[in-house]
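Nothing in this text is a laboratory measurement; each read-out follows from the coordinates by a stated rule. Keep in mind that what you see is a predicted model, and the values were worked out from it rather than measured.
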Amino acid sequence: MILGLFENAVLEESGVETQLQTGDRVVIYTDGLTESFNSEREMLGVDGLQEIVAEASTLPLAEMKNQILNRVAAWRHGHAQDDVSLVLLEIS
């Protein structure tokens with residue numbers, strides 16, 4: 001679903017608020033990352049992506065982005081079958 005396209009696309013109770021502090025990072029991604037499949041047709045999923053992000057989280061932001069994309073590409077069998085978007089934000 002495209003954010004902001006439909007007025008009531010997301011229920012109010014599905015939102016989560018959290019306090020962010022200096023140095024915190026926010027990862028925003030499309031399902032093209034989580035719905036990547038390996039040669040055995042296993043899906044990476046949120047848990048797999050979360051593990052990759054956690055392992056890359058101490059790197060400088062640009063390196064973190066490259067590490068995440070490279071690790072997903074190495075895990076995936078063949079080319080991406082869906083769009084892949086990744087946005088990393090660091091709170092300063």
**Complete:** Labelled set (1) 280; (2) 127; (3) 209; volume of the Cα convex hull per residue in Å³ computed from this model equals the value at (2)
**Asked** Relative contact order (percent) for the chain, with alpha-carbon contacts under 8 angstrom and 6 or more residues of separation?
**Response** 42
